[in-house]
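What follows is a short report on a single structure.
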Amino acid sequence: MNLTEPIIYTGIFVFAITGALKARTHQMDVFGATVMAFVTAYGGGTIRDLLIGVRPVNWVNDYLALGLVVGAVLIISFFKTNMSRFHRTIFFTDAIGLGMFTVGGIERSLSMQINDGYALIMGVISATFGGFLADIICGEVPNLLKRGELYATACAIGGVLYILMKQFGVEYNTALFSCVLIIVAIRILSQKKRLQLPGV
């Protein structure tokens, strides 16, 4: 069974949850939460598709993906908890979404005959640019640019290992799951151990 599509749809839902939670922390209404969920879930994939020439972009005519975003907003609108838990939940949902969108972006790019190096870049863009746009809308320094826990670096490391596993003949779905787990593990470890790239 090819797990690329299920992983991409799961990533959309997870990132939509992340966007809706971020809207809650900024005291937005349900419309604002929908915009944030949409931008977080679709932003990176839209930029990727524009760069590699996919028309129409990934979410056009995809009612399932739209339903996942709306469903995520509805779930969060009925879910009440304290703000500190929201921040922890955002971190973990974002980490899972990063892993899923990295492998999904790489696979979508490879299917368009993009070479391995640029497919890796497209995977990182798919995973990080939705959050980048959401942070800008919220007036925050984007995680992509902020010195702190490894973010895009985690996607790049996981993506490189995923491409290497494919080249060495590792079973397809095993490579997919391994990449997601590696990225999530790096994000969690980088936060706990305060791992970061050198400053300038």
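Could you please tell me which pairs satisfy a Cβ distance under 8 Å, a separation of 6+ or placement on different chains, a first residue in region 181-196 that is free of Cβ contacts under 8 Å to residues at least 40 places away in the same chain, and a second residue that is assigned to a helix (DSSP H, G or I) and not hydrophobic (A, V, I, L, M, F, W, C)?
I186/T153; I186/G158
If you check I114 against the conditions, is it within 20 Å of V54 (Cα to Cα), touching a helix residue (DSSP H, G or I) at 6+ places or on another chain (Cβ under 9 Å) and outside any helix (DSSP H, G or I)?
In short, yes.
Would you be able to tell me the number of residues in region 95-106 that are crowded, with 23+ Cβ neighbours inside 10 Å and either over 23 Å from G53 (Cα atoms) or of a type outside the set (A, V, I, L, M, F, W, C) (or both)?
6
Any chance you could count how many residues in region 56-76 are among the acidic types (D, E) and crowded, with 21+ Cβ neighbours inside 10 Å?
Within region 56-76, residues that are among the acidic types (D, E) and crowded, with 21+ Cβ neighbours inside 10 Å number 0.
More than 18 Å from L51 (Cα to Cα) and in contact (Cβ under 8 Å) with a residue 12 or more places away in the chain: which single residue out of A175, A119 fits that description?
Residue meeting the stated conditions: A175.
What residue, of Y63, Y42, is among the aromatic types (F, W, Y), more than 15 Å from the chain's Cα centre (by Cα) and at pLDDT 90 or above?
Y63
Mind listing whichever residues of region 89-115 are farther than 17 Å from T4 by Cα and over 15 Å from the mean Cα position of the chain (by Cα)?
Answer for region 89-115, where residues must be farther than 17 Å from T4 by Cα and over 15 Å from the mean Cα position of the chain (by Cα): just N115.
May I ask you to list the residues in region 132-142 that are in a loop (DSSP other than H, G, I, E, B) and either crowded, with 21+ Cβ neighbours inside 10 Å or touching a residue at least 24 places away in the same chain (Cβ under 8 Å) (or both)?
C138
How about region 4-94: which helices (runs of 4 or more DSSP H) wholly inside it have at least 1 residues that are in contact with a Cys (Cβ under 9 Å, 6 or more places away or on another chain), in contact (Cβ under 8 Å) with a residue 12 or more places away in the chain and of a type in the set (K, R)?
Passing ranges, in order: 4-25.
Residue by residue, here is whether (1) assigned to a loop (DSSP other than H, G, I, E, B); (2) closer than 26 Å to I114 by Cα; (3) not polar (S, T, N, Q) holds:
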| site | (1), (2), (3) |
| --- | --- |
| G130 | no, yes, yes |
| L144 | yes, yes, yes |
| C155 | no, yes, yes |
| L164 | no, yes, yes |
| N173 | no, yes, no |
| L181 | no, yes, yes |
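Looking at (1) buried (at least 16 other Cβ atoms within 10 Å of the Cβ); (2) farther than 24 Å from S109 by Cβ, which is the only condition A175 fails?
So A175 meets the others, but not (2).
The values are calculated or read from the model by the stated rules, or taken from the named source; none is laboratory data. Just so it is clear, the structure is predicted and the values come from calculations on it, not from any experiment. Note that each Cβ is placed from the backbone with ideal geometry, even for glycine, and that neighbours are counted across all protein chains shown.
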